Amino acid sequence: MSAHALDTTQEPNEAGIGLTVLRYLDLVVLALALPLFVFAGLPMLGYAVAAAAWLLQRGIDALATAKAKKTEDPRTVVGVLAGSMIGRGWLVAGSIFAVGLAGSREDGLAAALLCISLFTIYFAAQMVVRPFDMPRPPR
């Protein structure tokens, strides 16, 4: 393959535009869901709670990932990432449960469907992007 096909001109940690879009595709979908909720008359409380919970858990994920990258102790890395993952799951699930109880069942359903959709997109994108985040082996 040619150097152009491999795009070896980029720095090893520099992502292309395609990977960057894919990495944040869930946030793009979250933004695109707002007009859908407004124009389709879907429960806005469900959207607001789902969006807040999703953005908060993404922020926690970014902080936990940054902390895990700073340490060289594998136990700390596993502890931070696993604890973050469990906590973020509880945060989103608790938010969906709370909006279903505080609002209407439709609010909870809308929040649940939006969060499930965002998680599916996020998880699939991470499966594709993660190998490109690893350092390249020396040649």
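Cut-off is 10 Å between beta-carbons; in what order do Phe97, Phe123 appear when sorted fewest neighbours first? Mind showing how you got there, number by number?
On the way: Phe97 13, Phe123 10.
Listing Phe97, Phe123 from fewest to most nearby Cβ atoms yields Phe123, Phe97.
If you plug each phi of the range 67-83 into the Karplus form 6.51 cos²θ - 1.76 cosθ + 1.60 with θ = phi - 60°, what whole-Hz ³J(HN,Hα) values come out, in order, with x for Gly and Pro?
Going residue by residue, I get 5, 5, 6, 7, 9, 10, 7, x, 5, 5, 4, 4, x, 5, 5, 5, x Hz, with x marking Gly and Pro.
Cut-off 13 Å, label point 7 angstrom out along Cα-to-Cβ of Leu63: give me the residues of the range 88-120 whose amide nitrogen falls inside.
88
When a/c reaches 1.5 or more, the comparison of a/b and b/c decides; with that in mind, is the range 15-133 rounded, prolate or oblate per its Cα gyration tensor? Show your work: numbers first, answer last.
Details: a/c = 3.10, a/b = 1.54, b/c = 2.02.
Judged from the Cα gyration tensor, the range 15-133 comes out oblate (a/c at least 1.5, b/c at or above a/b).
What ³J(HN,Hα) values, in whole Hz, does the Karplus curve 6.51 cos²θ - 1.76 cosθ + 1.60 give for the range 20-28 when θ = phi - 60°, with x put for Gly and Pro?
5, 4, 5, 4, 10, 4, 4, 6, 5
Mind jotting down the distance between the C-alpha centroids of the range 99-120 and the range 38-77, whole Å?
16
A short reminder: the numbers here are calculations on the coordinates, not readings from a lab. Note that the structure is predicted; figures quoted are calculated from it, not measured. With ideal geometry, Cβ positions are generated from the backbone for all residues, glycine too; neighbour counts draw on all protein chains shown.
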